[in-house]
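Peer 1: First the structure, which I've put down as structure tokens, then a few questions once you've had a look.
The values are calculated or read from the model by the stated rules, or taken from the named source; none is laboratory data. These figures come from a predicted structure and were not determined experimentally. As a convention, Cβ positions derive from the backbone with ideal geometry for all residues, glycine included, and neighbour counts pool all protein chains shown.
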Amino acid sequence: MKRILAQANKEWMLFRRDKLLIVLAVLMPLVLMILYGFSQSLRLRNVRLLVYDYDNTPLSRSYLEGYGAALDFRITAHEPGESPERAINNGRGRAALIIPANFQRDALRGVGPTIQLMVDGTDSNAATALGTIAQAINLSFSQRTSIGRPAPKLARLDQRLWFNPGLSNPVFFGTGALGMVLVLFPALLGALATAREYELGTIIQAYASSLTAAQWVLGKGLLYILIGLVELVICFLLGVAVFSYRLPSDPTVLLVATVLYLFSGVFYGMALGNASGNQSSAIQGVQLGAFLLSLLLSGFLFPVRNIPPGIRWISYILPATHYVKVVRNSLLRDAGWMTSLRPMAALWILAVLFLLWNVLQMRKMQFKD
Amino acid sequence: MRAFLRRYLALTTKEVQQLRRNRGLVIQLLIPPTVVLVIFGYALNPKVRDLRLGLVDESLTPQSRNFINSLSENVNFAVTQRFARVEEAEAAMNHLKLDLFVVIPVEFARSLGRGQTAEVQVVIDAVDANTAQIAQGYLQRALNDYNAANGFDPAVATGAVEVRSAYLYNPGLETSWFYVTGIMSILMFINASLVASALAVKEKETGTIEQLLMTPAQTGEMLLAKTSPVFVLLMVVLFIALGVAMLIFDLPFHGAFWLFVVSGICAALAGIGIGVMLATVSKSQQQAQLLTFFVNPPITLLSGASSPIENMPMIFQMLSYLDPLRYLVTIVRGVTVKDAPFSALWPNLAALSAFAVVLFSISAWRFRKQ
């Protein structure tokens, strides 16, 4: 134990001397939390909608009002004489709504005019959502104006949205952001800490010292886990201020999960440093695992269930997948230990595996007495 | 000029040989981006299927069973469980066993029989706002189908206004195209800055920079020679990525190929410029890499590669104009999936090349100052 602390102390001395590192360690989580929380969102807002009203009657304008009032659309102008295909191709709008001539006459006669919506399908998720939203606006128009004689009797939905009644995106992404931020910096620091020893050649001293492999690994990791905990406090305070975090009724769940998560993050980074032995490769590895894969496959952005089963295992070996689950469970649903048992066990297993990987890497090289 | 070429070639040879010895870096630059592209192309799919639906049928009448049948026929829902009481369904949702549940009240059949509106209660787990919104859409459609089948639907009633959606460029709504084009651009750009910053600072750290400064080569030539092998590698990465995307994901290429090439070159230069610039302000390789690492996530998140820029709050939309990757993503999507005309893309190309020139010049100037 004393040896582990001594190793951690040595790391602390090194860390303290690097002013830039300290500044980054505080600044990076703050900036990233805000970016992750606010910039990522799949829910559409302010989609530029080009309007081609060839009817231009009171009824067609009243039809357009429905789109103007929806927060999802922002009606934009198109150049005179520009066809809808061209306008979308030029990137002037994401969709075009075309109201045919004689819309009002046909609607009042009960002929049932057809309105066309052209959607830019490049982003297929947004395109599908736009189609659905347009249907809903159209339905409400039909009901409002009682064109087509709405039948009085029908089944209607009375919806309640649990846990996030405002369908607020910052709430969802702001909580997931905690997981994204807390893996990035610890893994990075871990990777740099070990890779540097190889580059400077000081790793020989670790091989030759009487420290066992496990002691060296734990001692090195300890400091970065403590830094991670400081980051947790910073991020949580920011979350309370910006993303309406509340302290869960059982904070131990989150705390234990965070410690396990930091363990796996730091050891993942250190293992990469050990394996590559140079800083730039190690950092690229961290960028891949802790940034890109965690951002896109951990369930932060899309539900893990959407990933085809053949490659879903990649999600399961990412610690972020399990941690994001625990964070959302305890911060948004305020669920206790029971619902978080499985992700917690997974985090535990991953932390131990990454630790073992490090110990094996070190033991291979260490001098035998 | 000839002297310049000779010196440039000599220095480039040195860099290439160094790079050849560092085979790890070359492999790392070429293989993971390709693999990652394939994984993401397959894995990323915001479409929601098999929503776990719970049912509480308090009515227990032929009408309610009919309604339940119309829900379970829907491919988007997987009926996992039926509950006798609402509390049980609530508990199941709390334990994350359900995504949504439907409660059919006792008076469902009676209301319908009397010609009144029958309310069906739905509870959706809305933690993920996007999924919740999609679930709402599915339910509404399932309900419309039910109403239509039973002759109560206003939308199908004769003479109602109808909306028909046509999806341009991507009529099959292939999701992978959006992500593959985004990831391709991200990988190229952030690898450029990371590798360049490592290379630029390496000589300083090992002390060999003194030797370089003693040679007749000028700093500009040095920088050029240092970055050209990386530049070539990055272009190779970009073309491999495009090839993979076209072969595996059937990504179309409708637009002008030269636009793709030119924007790729500009983006690589801008990325290298950022890397070198950060390297010159830092004292060690570690600091350089840390700074680059700090700059890359904002560049990625604001570029619109993973989520549409329109969805961001205004201030982030403004900030995204400062992100060179944003322009690359727009151009790549513009020339592959769409056939966007040059008149629509040129502002993006102009911005990207301005970034390339400015960033690369600043980095050359900073590099000289050392």
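Peer 1: Can you tell me which residue within the stretch A:62-102, out of those that are surrounded by fewer than 18 Cβ atoms within 10 Å (Cβ to Cβ) and among the hydroxyl-bearing types (Ser, Thr, Tyr), is nearest to A:Ile137 (Cα to Cα)?
Peer 2: Step by step, filter the stretch A:62-102, then rank; the result is A:Ser62.
Peer 1: Does any residue of the stretch A:347-360 turn out to be within 9 Å of chain B (Cβ to nearest Cβ) and not in a loop (DSSP other than H, G, I, E, B)? Explain how you work it out, then say what you get.
Peer 2: Here is the first cut: in the stretch A:347-360, the residues within 9 Å of chain B (Cβ to nearest Cβ) are none.
Checked the stretch A:347-360: no residue is within 9 Å of chain B (Cβ to nearest Cβ) and not in a loop (DSSP other than H, G, I, E, B).
Peer 1: I'd like to know if the stretch B:310-325 contains one or more residues that are buried (at least 21 other Cβ atoms within 10 Å of the Cβ), at pLDDT below 90, more than 24 Å from B:Ser197 (Cβ to Cβ) and under 22 Å from the mean Cα position of the chain (by Cα).
Peer 2: Within the stretch B:310-325, one or more residues are buried (at least 21 other Cβ atoms within 10 Å of the Cβ), at pLDDT below 90, more than 24 Å from B:Ser197 (Cβ to Cβ) and under 22 Å from the mean Cα position of the chain (by Cα).
Peer 1: Shifting gears a bit: Which of the residues that make up the stretch A:74-93 are in contact (Cβ under 8 Å) with a residue 40 or more places away in the chain and touching a helix residue (DSSP H, G or I) at 6+ places or on another chain (Cβ under 7 Å)? Full working, then the answer.
Peer 2: Just the residues of the stretch A:74-93 that are in contact (Cβ under 8 Å) with a residue 40 or more places away in the chain, to begin with: A:92-93.
Matches in the stretch A:74-93: A:Gly93 only.
Peer 1: Still on this structure, I have one more. If B:Ala344 meets every condition in (1) farther than 23 Å from B:Phe253 by Cα; (2) free of Cβ contacts under 8 Å to residues at least 12 places away in the same chain; (3) facing chain A (nearest Cβ under 10 Å); (4) in a helix (DSSP H, G or I) apart from one, which number is that one?
Peer 2: Looking at each condition in turn, B:Ala344 falls short on (1).
Peer 1: Exactly one of (1) over 30 Å from A:Glu197 (Cβ atoms); (2) assigned to a helix (DSSP H, G or I); (3) facing chain A (nearest Cβ under 8 Å) is unmet by B:Ser361. Its number?
Peer 2: With respect to (1) over 30 Å from A:Glu197 (Cβ atoms); (2) assigned to a helix (DSSP H, G or I); (3) facing chain A (nearest Cβ under 8 Å), B:Ser361 is out only on (3).
Peer 1: Given the options A:Ala351, A:Ala290, A:Ala282, name the one that is small (Gly, Ala, Ser) and in contact with a Pro (Cβ under 8 Å, 6 or more places away or on another chain). It would help to see each step written out before you state the result.
Peer 2: Numbers: A:Ala290 fails: in contact with a Pro (Cβ under 8 Å, 6 or more places away or on another chain); A:Ala282 fails: in contact with a Pro (Cβ under 8 Å, 6 or more places away or on another chain).
The match here is A:Ala351.
Peer 1: Determine if the stretch B:130-148 includes at least one residue that is touching a Gly at 6+ places or on another chain (Cβ under 7 Å), surrounded by fewer than 21 Cβ atoms within 10 Å (Cβ to Cβ) and modelled with pLDDT of 75 or more.
Peer 2: Of all residues in the stretch B:130-148, those touching a Gly at 6+ places or on another chain (Cβ under 7 Å) come to none.
Looking through the stretch B:130-148, none of the residues is touching a Gly at 6+ places or on another chain (Cβ under 7 Å), surrounded by fewer than 21 Cβ atoms within 10 Å (Cβ to Cβ) and modelled with pLDDT of 75 or more.
Peer 1: Could you say whether any residue in the stretch A:148-158 is modelled with pLDDT of 80 or more, within 7 Å of chain B (Cβ to nearest Cβ) and surrounded by 21 or more Cβ atoms within 10 Å (Cβ to Cβ)?
Peer 2: As a first pass, look at the stretch A:148-158 and keep what is modelled with pLDDT of 80 or more: none.
No: the stretch A:148-158 contains no residue that is modelled with pLDDT of 80 or more, within 7 Å of chain B (Cβ to nearest Cβ) and surrounded by 21 or more Cβ atoms within 10 Å (Cβ to Cβ).
Peer 1: Next question. Note down all Cβ pairs under 7 Å where the first residue falls in the stretch B:14-36 and is among the small types (Gly, Ala, Ser), the second is surrounded by 12 or more Cβ atoms within 10 Å (Cβ to Cβ), and they're at least six residues apart or on different chains.
Peer 2: B:Gly24/A:Ser276; B:Gly24/A:Ser281
Peer 1: I want to confirm something. Restricting to the stretch B:55-97 and keeping residues that are farther than 24 Å from A:Gly336 by Cα and acidic (Asp, Glu), which single residue is surrounded by the fewest Cβ atoms within 10 Å (Cβ to Cβ)?
Peer 2: Just the residues of the stretch B:55-97 that are farther than 24 Å from A:Gly336 by Cα, to begin with: B:55-79, B:82, B:84.
Filter once more, so that each one left must be acidic (Asp, Glu): B:57-58, B:73.
Details: B:Asp57: 19, B:Glu58: 17, B:Glu73: 11.
Only one residue fits best here, namely B:Glu73.
Peer 1: Within the set of pairs 6+ apart or on separate chains, which have a first residue in the stretch A:244-271 that is touching a residue at least 60 places away in the same chain (Cβ under 8 Å) and in the same structural domain as A:Thr321 (by TED's automatic domain parsing), a second that is among the charged types (D, E, K, R) and not in a helix (DSSP H, G or I), and C-beta atoms under 8 Å apart?
Peer 2: A:Arg246/A:Asp334; A:Pro248/A:Asp334; A:Ser249/A:Asp334
Yes/no matrix, rows are residues, columns are (1) outside the structural domain of A:Ala241 (by TED's automatic domain parsing); (2) more than 27 Å from A:Leu292 (Cβ to Cβ); (3) part of a loop (DSSP other than H, G, I, E, B):
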| site | (1), (2), (3) |
| --- | --- |
| A:Gly174 | no, no, no |
| A:Leu178 | no, no, no |
| A:Leu182 | no, no, no |
| A:Ala191 | no, no, no |
| A:Leu211 | no, yes, yes |
| A:Gln215 | no, yes, no |
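Peer 1: Inspect all residues belonging to the stretch B:303-314 and state whether any of them is facing chain A (nearest Cβ under 7 Å) and among the aliphatic types (A, V, I, L, M).
Peer 2: Within the stretch B:303-314, the subset facing chain A (nearest Cβ under 7 Å) is B:306-308, B:310-313.
Imposing the further condition that a residue be among the aliphatic types (A, V, I, L, M) reduces the set to B:312.
Yes - at least one qualifying residue is present in the stretch B:303-314.
Peer 1: Which residue is nearest to A:Phe185 (Cα to Cα), if the candidates are limited to the stretch B:283-295 and must be of a type outside the set (A, V, I, L, M, F, W, C) and more than 7 Å from chain A (Cβ to nearest Cβ)?
Peer 2: Quick first cut of the stretch B:283-295, residues of a type outside the set (A, V, I, L, M, F, W, C) only: B:283-287, B:289, B:292.
Right, trim to more than 7 Å from chain A (Cβ to nearest Cβ) and you get B:283-284, B:292.
Values: B:Lys283: 20, B:Ser284: 18, B:Thr292: 13 Å.
Per the stated criteria, the residue is B:Thr292.
Peer 1: Would you confirm, using the coordinates I've provided, whether A:Met338 is without any contact (Cβ under 8 Å) to a residue 60 or more places away in the chain, in a helix (DSSP H, G or I), within 30 Å of A:Val242 (Cα to Cα) and more than 16 Å from the chain's Cα centre (by Cα)? Lay out the reasoning, then the answer.
Peer 2: Numbers: without any contact (Cβ under 8 Å) to a residue 60 or more places away in the chain: yes; in a helix (DSSP H, G or I): yes; within 30 Å of A:Val242 (Cα to Cα): yes; more than 16 Å from the chain's Cα centre (by Cα): yes.
Against the criterion (without any contact (Cβ under 8 Å) to a residue 60 or more places away in the chain, in a helix (DSSP H, G or I), within 30 Å of A:Val242 (Cα to Cα) and more than 16 Å from the chain's Cα centre (by Cα)), A:Met338 qualifies.
Peer 1: Hey, does the stretch A:45-61 have a residue that's among the aliphatic types (A, V, I, L, M), within 29 Å of the chain's Cα centre (by Cα), closer than 30 Å to B:Asp128 by Cβ and surrounded by fewer than 20 Cβ atoms within 10 Å (Cβ to Cβ)?
Peer 2: Looking for residues that are among the aliphatic types (A, V, I, L, M), within 29 Å of the chain's Cα centre (by Cα), closer than 30 Å to B:Asp128 by Cβ and surrounded by fewer than 20 Cβ atoms within 10 Å (Cβ to Cβ), one finds none in the stretch A:45-61, hence no.
Peer 1: Report, by residue number, each residue of the stretch B:91-112 that is more than 9 Å from chain A (Cβ to nearest Cβ) and part of a helix (DSSP H, G or I).
Peer 2: Those that are more than 9 Å from chain A (Cβ to nearest Cβ) and part of a helix (DSSP H, G or I): B:Ala91, B:Ala92, B:Ala109, B:Arg110.
Peer 1: For B:Ser353, state whether it is outside any helix (DSSP H, G or I) and not aliphatic (A, V, I, L, M).
Peer 2: no
Peer 1: From the list B:Phe239, B:Phe249, which residue is touching a helix residue (DSSP H, G or I) at 6+ places or on another chain (Cβ under 6 Å) and either away from chain A (no Cβ under 14 Å) or surrounded by fewer than 21 Cβ atoms within 10 Å (Cβ to Cβ) (or both)? Reasoning before the result, please.
Peer 2: Details: B:Phe239 fails: touching a helix residue (DSSP H, G or I) at 6+ places or on another chain (Cβ under 6 Å).
Checking each option against the conditions leaves just B:Phe249.
Peer 1: Residue check: is B:Val106 surrounded by fewer than 18 Cβ atoms within 10 Å (Cβ to Cβ) and of a type in the set (A, V, I, L, M)? Before you say what the answer is, go through the steps one by one.
Peer 2: On the way: surrounded by fewer than 18 Cβ atoms within 10 Å (Cβ to Cβ): yes; of a type in the set (A, V, I, L, M): yes.
Considered against the rule, which asks whether it is surrounded by fewer than 18 Cβ atoms within 10 Å (Cβ to Cβ) and of a type in the set (A, V, I, L, M), B:Val106 comes out as yes.
Peer 1: Please list, ordered by residue number, the helices (runs of 4 or more DSSP H) wholly in the stretch A:234-307 having 2 or more residues that are among the polar types (S, T, N, Q).
Peer 2: Details: elements: A:251-276, A:279-286, A:294-297.
Correct list: A:251-276, A:279-286.
Peer 1: Only one residue in A:Gly269, A:Gly221, A:Gly273 is surrounded by 22 or more Cβ atoms within 10 Å (Cβ to Cβ), more than 20 Å from the chain's Cα centre (by Cα), within 14 Å of another protein chain (Cβ to nearest Cβ) and more than 20 Å from A:His322 (Cα to Cα), so which one is that?
Peer 2: Details: A:Gly269 fails: more than 20 Å from A:His322 (Cα to Cα); A:Gly221 fails: within 14 Å of another protein chain (Cβ to nearest Cβ).
Answer to the check: A:Gly273.
Peer 1: Looking at B:Leu60, B:Leu96, B:Leu19, B:Leu29, which one is in the same structural domain as B:Leu139 (by TED's automatic domain parsing) and within 31 Å of the chain's Cα centre (by Cα)? Working first, answer last.
Peer 2: Numbers: B:Leu60 fails: within 31 Å of the chain's Cα centre (by Cα); B:Leu19 fails: in the same structural domain as B:Leu139 (by TED's automatic domain parsing); B:Leu29 fails: in the same structural domain as B:Leu139 (by TED's automatic domain parsing).
After applying the criteria, what remains is B:Leu96.
Peer 1: Name the residue that is nearest to the other protein chains (Cβ to nearest Cβ), counting only residues in the stretch A:18-47 that are β-branched (Val, Ile, Thr) and assigned to a helix (DSSP H, G or I). Talk me through it step by step, then tell me what you get.
Peer 2: Within the stretch A:18-47, the first condition is being β-branched (Val, Ile, Thr), and the residues that meet it are A:22-23, A:26, A:31, A:34, A:47.
Of the ones still in play, those that are also assigned to a helix (DSSP H, G or I) are A:22-23, A:26, A:31, A:34.
Numbers: A:Ile22: 11, A:Val23: 10, A:Val26: 12, A:Val31: 7, A:Ile34: 9 Å.
Among those residues, the one meeting the criterion is A:Val31.
Peer 1: Yes or no: A:Ile311 free of Cβ contacts under 8 Å to residues at least 60 places away in the same chain, surrounded by fewer than 15 Cβ atoms within 10 Å (Cβ to Cβ), β-branched (Val, Ile, Thr) and under 17 Å from B:Ile39 (Cα atoms)?
Peer 2: On the way: free of Cβ contacts under 8 Å to residues at least 60 places away in the same chain: yes; surrounded by fewer than 15 Cβ atoms within 10 Å (Cβ to Cβ): yes; β-branched (Val, Ile, Thr): yes; under 17 Å from B:Ile39 (Cα atoms): yes.
Spelling it out, A:Ile311 is indeed free of Cβ contacts under 8 Å to residues at least 60 places away in the same chain, surrounded by fewer than 15 Cβ atoms within 10 Å (Cβ to Cβ), β-branched (Val, Ile, Thr) and under 17 Å from B:Ile39 (Cα atoms).
Peer 1: Now for a different question. Within the stretch A:117-147, work out how many residues are over 21 Å from A:Arg94 (Cβ atoms), more than 7 Å from chain B (Cβ to nearest Cβ) and assigned to a helix (DSSP H, G or I).
Peer 2: Residues that pass the stated criteria total 3.
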